[in-house]
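Here is the structure we will look at.
The values are calculated or read from the model by the stated rules, or taken from the named source; none is laboratory data. These numbers were taken from a predicted model, which means no experiment stands behind them. Counting neighbours? That spans all protein chains shown, and the Cβs are built from the backbone with ideal geometry, glycine included. Areas reflect the complete protein model, heavy atoms only, side chains present, ligands, DNA and RNA absent. Shrake-Rupley method; radii C 1.70, N 1.55, O 1.52, S 1.80 Å.
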Amino acid sequence: MTDSPTGEAAGYGSRDPDALARRAGARADPDRDQHFLVDDRVLDRIPGYLPADADGSHLLEIGGGAGALTDRLLAAATADATADSGRVTVIERDGTFADFLREEFAAAVDGGLLDVVEGDALDVDLPPFSACVANLPYGVSSEIAFRLLPEKKPLVLMFQAEFADRMVASAGESEYGRLSVSAQHYADVEVVERVPKEAFDPQPAVESAVVRCTPRDPDYVVGDEAFFLRFVKALFTQRRKTVRNAVRNTAHISGLDEPEAVVDAADEELLSSRPGKLDPAVFAALAELARERGSPTEA
Ligand SMILES: C[S@@+](CC[C@H](N)C(=O)[O-])C[C@H]1O[C@@H](n2cnc3c(N)ncnc32)[C@H](O)[C@@H]1O
């Protein structure tokens, strides 16, 4: 593994994560959502999880840390020597690591290959990007994912395994819920690798998983996306109730002024089912009925 002062002479893609952390001169702090990937095999595989036809010309990384994944992304962005060079943008909240990334990858920064944005990924304007690959800070992974998903770009993201399982769950499974319907509204989502705690330093409390999100339009139509997502959120607060009672009991969340009109118009079989059993297309049809009959107020 490369452990040169800057590591840059060896090109990109083979920096030793431990050597990077040593050069950064600061320890990853779990209280700041810092769990650095230290398993080379996992690091090497992650960029390859982008869909085969993804445009990798401008990769976004959220949370660069000491740069082990940034190094692999720079390798991916420069792999095709015949194409115009790709680019990488990293958003990193911690100023110490943002400065270190600029130093460690100074040639890439100078060459216009790498841009390091110091800031909170929840606040900064998202730069233009063609795909995002990141080992997310778990404390805000849901918020970041739902900033990225509406952008409709390919995403390869590391999450806590339990969160990943909820994202990819299907109707009727115990993990199926608001998160599954909302994520699958924007993309095909799949767990492509489970990652043990030992792959990180410091180790997180739980197992992790890499999720690939391949954007696509849903196979149903919703007239008002914000209402659809609000309605899904509302009904899943009563996932074990019948749909009939869930629609009635959650009108204060979904914003329906007339939930009874929705119940009157809906199909009996659907009303006797449970929110956790409805697949996204059925949810969408019910949300459309609710929008037409239930007099929803603006959020
Ligand atoms: C799980 S670590 C990943 C570090 C590195 N990419 C790796 O895989 O080793 C998450 C990184 O996100 C940064 N971070 C935490 N919260 C953030 C936020 N709200 N916005 C941007 N970066 C954040 C942390 O400082 C840390 O460097």
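Using only side-chain charges placed at the Cβ, +1 for Lys and Arg and -1 for Asp and Glu, the dipole size of the chain relative to its Cα centre rounds to 820 debye.
For the stretch 153-299, with all protein chains present and a 1.4 Å probe, just round the carbon and sulfur fraction of the accessible area to a whole percent.
Working: 2950 of 6680 Å².
Accessible surface attributable to carbon and sulfur in the stretch 153-299 totals 44 percent.
Between the listed residues Asn249, Ala145, Leu60, the Cα displaced farthest toward the positive end of the dipole of the chain, a dipole computed from Cβ unit charges relative to the Cα centre, is found at Asn249.
For the stretch 183-230, the convex hull spanned by the alpha carbon atoms encloses 102 Å³ per residue.
Fully extending the segment from Arg27 to Lys277, taken as 0.36 nm per residue of separation minus the present Cα-Cα distance, adds 85.5 nm. For the stretch 17-104, carbon and sulfur atoms together expose 44% of the accessible surface, with a 1.4 angstrom probe and every protein chain in place.
Under 5 Å from the amide H of Gln34 lie the amide H atoms of Asp29, each residue being 5 or more positions distant or on a separate chain, with H modelled from the backbone and absent for Pro and chain starts. The accessible-area ordering, largest first, of the residues Glu225, Glu268 stands as Glu268, Glu225, per a 1.4 angstrom probe.
Give me the Kirkwood hydrodynamic radius of the stretch 201-275 in Å, from all C-alpha pairs, to one decimal place? Mind showing how you got there, number by number?
Details: mean 1/r = 0.0676 Å⁻¹.
About 14.8 Å for the stretch 201-275.
Couplings for the stretch 96-102, taken from phi via the Karplus curve 6.51 cos²θ - 1.76 cosθ + 1.60 with θ = phi - 60°, read 4, 6, 4, 5, 4, 4, 5 Hz in order; Gly and Pro are left as x.
Please report the equivalent ellipsoid semi-axes of the stretch 232-286, computed as sqrt(5 x eigenvalue) of the Cα gyration tensor, largest first, in whole Å. Can you show the working numbers first?
Working: eigenvalues 43, 33, 21 Å².
Semi-axes, largest first: 15, 13, 10 Å.
The alpha carbons of the stretch 93-166 stretch over 41, 25, 20 Å along the principal axes, in descending order.
In the assembled protein chains, Ile253 presents an accessible area of approximately 50 Å² (probe radius 1.4 Å). Using the alpha carbons alone, the radius of gyration of the stretch 1-153 stands to its Kirkwood radius in an Rg to Rh ratio of 0.93. Whole-Hz Karplus values for the stretch 125-139 come out as 5, 5, x, x, 8, 9, 6, 10, 10, 7, 9, 6, x, 5, x Hz, taken residue by residue from phi with 6.51 cos²θ - 1.76 cosθ + 1.60 and θ = phi - 60°; glycine and proline positions read x.
Annotation: the chain has a Kirkwood hydrodynamic radius of 20.6 angstrom, from the mean reciprocal C-alpha pair distance.
When nucleic acids and ligands are ignored and a 1.4 Å probe is applied, Arg212 ends up with an accessible area of around 50 Å². Per residue, the chain exposes an accessible area of 45 Å² to a 1.4 Å probe, with every protein chain left in place.
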